[in-house]
Amino acid sequence: MPVITAPSQGIAPSAHCAADELFPIREVARLTGINPVTLRAWERRYGLIQPVRTESGHRLYTQKDIETVHRILDWIERGVAVSKVGKILARDDSQASFVRQLQEGDAEHESTQWQQQLQLAIGAFDELQLERLYGQIFAAYPVAVVFQDILMPLWQQLLRHQGRFGQASEWLFFDSFLRARISQRLQMARAGRTPQVLLAAIAGECRELELLVAGLMLSGDELAVHVLSLGHPLDELTLICEKTRPQALVLFSNHSPTHDLPNRLERLALTLECPLLLAGDASDMADKQLAGTAIGCLGNEGRLMQRRLQQFLSGTLDT
């Protein structure tokens, strides 16, 4: 369906730039799978989307609005109530803005260019070209920038946009490629070293690639991390820790924490001889619930997780 430009709909000049592409609510519903009634509710009740209006009162949405709808859906699928999504989106936007301020020159533009080249290789299922680009990106940027600013945003974008024929296969191709490469990096990082930290996912609360990337973010020259495969029962992690004797057990989750999570984690912590820490989006959302407990929160920001982990292990950061 062709997009509508602002002049054809009589939008007030202050409301929107005439060059922007605008979509009617029916098209947004088709692209996102969210019916118009829900889109209007998200606008009126929660202020999650702010479409422009024509002089006759019809709603028109930008491409950024459509991306916001996909982000809302992503958080709802993780178990976050729609009433709480607004705060999370604002937090993420604030973090992204802060990172952009720290970056020099056209770093954001460079990230977009890399993503466009990667997408061409993915669309062609060209693993050789994807490998070349992967190597070039790692040669140019620190690990945190590679994943948080280039690779994972593209992975998430492909994950959300699987409506057209072939897009699911493109995401699976890229996901498989990244999982293989990151697993290899993690193995190399701990070669010949006893893992000091065990990293495990709370069952059903993240994808394998997200867990592997977290493991890579936590790893360092003086810190070997062993990532457990998905699916380990929470109550059996005590047995694994007894056998391997890590300095810390880190649980990872990108879902909204359930009301009983603090109690479950405290029970687990009582059975361990090492500190129990929580990482991922759940860590930020459960921070207040876990205040005053023995469980430490590492957050979801890759640039900070490793530093916080090291501070916990050295005793310079309290729970």
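Select from the range 199-258 the residues that are acidic (D, E) and more than 20 Å from M152 (Cα to Cα) and list them in ascending order. Listed by number, the residues that qualify are D221, E222, D235, E236, E242.
Check L278, L265 and return the single one that is modelled with pLDDT of 85 or more, in contact with a Cys (Cβ under 6 Å, 6 or more places away or on another chain) and under 17 Å from G204 (Cβ atoms).
On the way: L265 fails: in contact with a Cys (Cβ under 6 Å, 6 or more places away or on another chain).
Sole residue among the options that is modelled with pLDDT of 85 or more, in contact with a Cys (Cβ under 6 Å, 6 or more places away or on another chain) and under 17 Å from G204 (Cβ atoms): L278.
Sort through L278, L265, L261 and tell me the only one that's closer than 25 Å to L151 by Cα and assigned by TED's automatic domain parsing to the domain that holds L237.
On the way: L265 fails: closer than 25 Å to L151 by Cα; L261 fails: closer than 25 Å to L151 by Cα.
One residue alone meets the criteria, L278.
Would a scan of the range 244-258 turn up a residue that is free of Cβ contacts under 8 Å to residues at least 12 places away in the same chain and either crowded, with 20+ Cβ neighbours inside 10 Å or out of contact with any helix residue (DSSP H, G or I) (no Cβ under 8 Å at 6 or more places or on another chain) (or both)? Checking the range 244-258: not a single residue is free of Cβ contacts under 8 Å to residues at least 12 places away in the same chain and either crowded, with 20+ Cβ neighbours inside 10 Å or out of contact with any helix residue (DSSP H, G or I) (no Cβ under 8 Å at 6 or more places or on another chain) (or both). Among residues of the range 284-306 being in contact (Cβ under 8 Å) with a residue 60 or more places away in the chain and charged (D, E, K, R), the one that is farthest from V225 (Cα to Cα) is D284.
Here the range 131-179 is the region considered, the condition is being among the polar types (S, T, N, Q) and surrounded by 15 or more Cβ atoms within 10 Å (Cβ to Cβ), and the residue that is farthest from the chain's Cα centre (by Cα) is Q167. Please indicate, with yes or no, whether at least one residue in the range 230-243 is buried (at least 19 other Cβ atoms within 10 Å of the Cβ), touching a Pro at 6+ places or on another chain (Cβ under 6 Å) and not small (G, A, S). Checked the range 230-243: no residue is buried (at least 19 other Cβ atoms within 10 Å of the Cβ), touching a Pro at 6+ places or on another chain (Cβ under 6 Å) and not small (G, A, S).
May I ask you to verify whether A294 is assigned to a helix (DSSP H, G or I) and over 13 Å from L309 (Cβ atoms)?
Details: assigned to a helix (DSSP H, G or I): no; over 13 Å from L309 (Cβ atoms): yes.
Spelling it out, it is not the case that A294 is assigned to a helix (DSSP H, G or I) and over 13 Å from L309 (Cβ atoms).
Among the conditions (1) closer than 29 Å to I202 by Cβ; (2) among the charged types (D, E, K, R); (3) touching a helix residue (DSSP H, G or I) at 6+ places or on another chain (Cβ under 7 Å); (4) at pLDDT 85 or above, R59 misses just one, which is (1). If the condition is being out of contact with any strand residue (DSSP E or B) (no Cβ under 8 Å at 6 or more places or on another chain) and among the hydrophobic types (A, V, I, L, M, F, W, C), then the range 217-233 contributes only M217. The set of residues in the range 212-228 that are out of contact with any Lys or Arg (no Cβ under 7 Å at 6 or more places or on another chain) and over 16 Å from P246 (Cβ atoms) comprises V213, M217, D221. Being within 19 Å of the chain's Cα centre (by Cα), over 29 Å from E27 (Cα atoms), among the small types (G, A, S) and modelled with pLDDT of 85 or more: is that true of S97 here? Spelling it out, it is not the case that S97 is within 19 Å of the chain's Cα centre (by Cα), over 29 Å from E27 (Cα atoms), among the small types (G, A, S) and modelled with pLDDT of 85 or more. Scanning the range 29-68 for residues that are in a helix (DSSP H, G or I) and β-branched (V, I, T) yields T32, V37, T38, I66, T68.
Considering A29, A41, which residue is under 30 Å from G204 (Cβ atoms), at pLDDT 85 or above, in contact with a Pro (Cβ under 6 Å, 6 or more places away or on another chain) and of a type outside the set (D, E)? Before the answer, list the steps.
Details: A41 fails: in contact with a Pro (Cβ under 6 Å, 6 or more places away or on another chain).
A29 is the lone residue from the list that is under 30 Å from G204 (Cβ atoms), at pLDDT 85 or above, in contact with a Pro (Cβ under 6 Å, 6 or more places away or on another chain) and of a type outside the set (D, E).
The values are calculated or read from the model by the stated rules, or taken from the named source; none is laboratory data. Bear in mind that the values here come from a model prediction, so they are computed numbers and not experimental data. Every residue, glycine as well, gets a Cβ built from its backbone with ideal geometry; the counts of neighbours run over all protein chains shown.
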